[in-house]
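We did not get these values from a lab; they are worked out from the coordinates using the rules stated. Note that the structure is a prediction, hence the values are computed from the model and not measured. Don't worry about glycine lacking a Cβ; one is built from the backbone with ideal geometry, like all the others, and counts go over all protein chains shown.
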Amino acid sequence: MRYIQLCVNASFNYMFLIIRLFTIILILNSNITMAGEADVLAVNIRPLGEDSFSIDATVQHADTGWDHYTNSWEVLDLDGNLLGKRVLLHPHVDEQPFTRNLVLTIPQNVKTIMIRANDLVHGKGNNSLSASVPR
């Protein structure tokens, strides 16, 4: 009988340990998953001459640090072709939302562009914006 009681106690202790480890893993991973996807909030496009344009994109993302931050935003045509990409080299934990600029050449046949942000964990963001190309 004492043997059965020891086995039952050991089983409960083992199960309690597994639950605690699982809880710790969930807490540690919540930092990464809680940040969500990067969203483009605003786009401003200005002609610079010829087919050259200056594009400002305002992006919001709950950057948590080097493991989960907005690492770029992209300029696409309406067919999804990549026209340009602004690479972001560091997290913006204390600067949200933030605006960054990209200068690029946009072909004459492109009348509307789409801006999409990306983060290290989720990849392509959920909220992209389109803007007419002022010619």
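Couple of notes before you dig in:
- Flag for Val75 being closer than 14 Å to Ile113 by Cβ and within 17 Å of the chain's Cα centre (by Cα): yes
- Among the residues of the stretch 39-62, the ones that are without any contact (Cβ under 8 Å) to a residue 60 or more places away in the chain, surrounded by 13 or more Cβ atoms within 10 Å (Cβ to Cβ) and of a type outside the set (A, V, I, L, M) come to 5 in all.
- Residue check for Val93: in contact with a Phe, Trp or Tyr (Cβ under 9 Å, 6 or more places away or on another chain), surrounded by 12 or more Cβ atoms within 10 Å (Cβ to Cβ) and touching a residue at least 24 places away in the same chain (Cβ under 8 Å): yes
- Residues being at positive phi and in a loop (DSSP other than H, G, I, E, B) - total across the stretch 104-135: 0
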